[in-house]
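To start, the structure itself, in structure tokens.
The values are calculated or read from the model by the stated rules, or taken from the named source; none is laboratory data. Because the structure is predicted, anything quoted here is derived from the model rather than measured. Here the Cβ is made from the backbone with ideal geometry for all residues, glycine too, and neighbour counts use every protein chain on show.
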Amino acid sequence: MVLRLRSRSPPILHRRTSSTRFLNQSFGQGPWMAEELMSQFFDELAPSTSARVPLPKDASSCNLEGMPPTLIMTAENDVARDGGEAYARKVMQAVVRVSAVRFLGTIHDFAVLDLLADTPAAQGAVSCSGIEKHFR
């Protein structure tokens with residue numbers, strides 16, 4: 001999505017940062033999201049290869065130059081953590097303004113789960129993204 005929309009000026013929030021070859025092996029079986037389940041969700045979101053947008057793991061073959069400023073947030077205990085952080089490095093190498101933040105002690109989806117809304121990690125994610133200024 002970010003690659004398709006890179007010509008737009010506002011920052012773009014993008015959550016799809018994984019595929020089975022881009023997952024963190026340390027957390028492949030949880031504690032929250034397992035590799036098999038993540039792969040299943042990914043396949044359900046884009047069942048045909050023609051419907052899929054370029055993945056972060058394919059970024060070396062994509063032209064990342066000209067992307068808008070990018071914020072990449074990962075969780076310490078996240079099956080997609082390593083892939084998200086590797087993607088941030090590729091975007092940075094393309095001389096794009098990028099901020100990458102890892103939230104410690106939390107899990108995949110920490111910023112969107114109601115039960116975790118009051119945690120420091122979720123509140124920090126909202127603050128980093130700048131979203132809160134649009135709801136004042």
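Does V95 satisfy the criteria of being at pLDDT below 90 and at positive phi?
Answer is yes for this residue.
Residue by residue, here is whether (1) at pLDDT 65 or above; (2) under 26 Å from A122 (Cβ atoms); (3) in a loop (DSSP other than H, G, I, E, B) holds:
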{"position": "F42", "(1), (2), (3)": "yes, yes, no"}
{"position": "D58", "(1), (2), (3)": "yes, no, no"}
{"position": "G66", "(1), (2), (3)": "yes, no, yes"}
{"position": "T74", "(1), (2), (3)": "yes, yes, no"}
{"position": "D82", "(1), (2), (3)": "yes, yes, no"}
{"position": "E85", "(1), (2), (3)": "yes, yes, no"}
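Provide a single number: the residues in segment 106-116 that are surrounded by fewer than 16 Cβ atoms within 10 Å (Cβ to Cβ) and either touching a strand residue (DSSP E or B) at 6+ places or on another chain (Cβ under 6 Å) or at pLDDT below 90 (or both).
3
Could you check how many residues of segment 92-129 are in contact with a Leu (Cβ under 7 Å, 6 or more places away or on another chain) and touching a residue at least 40 places away in the same chain (Cβ under 8 Å)?
The number of residues fulfilling the criteria is 2.
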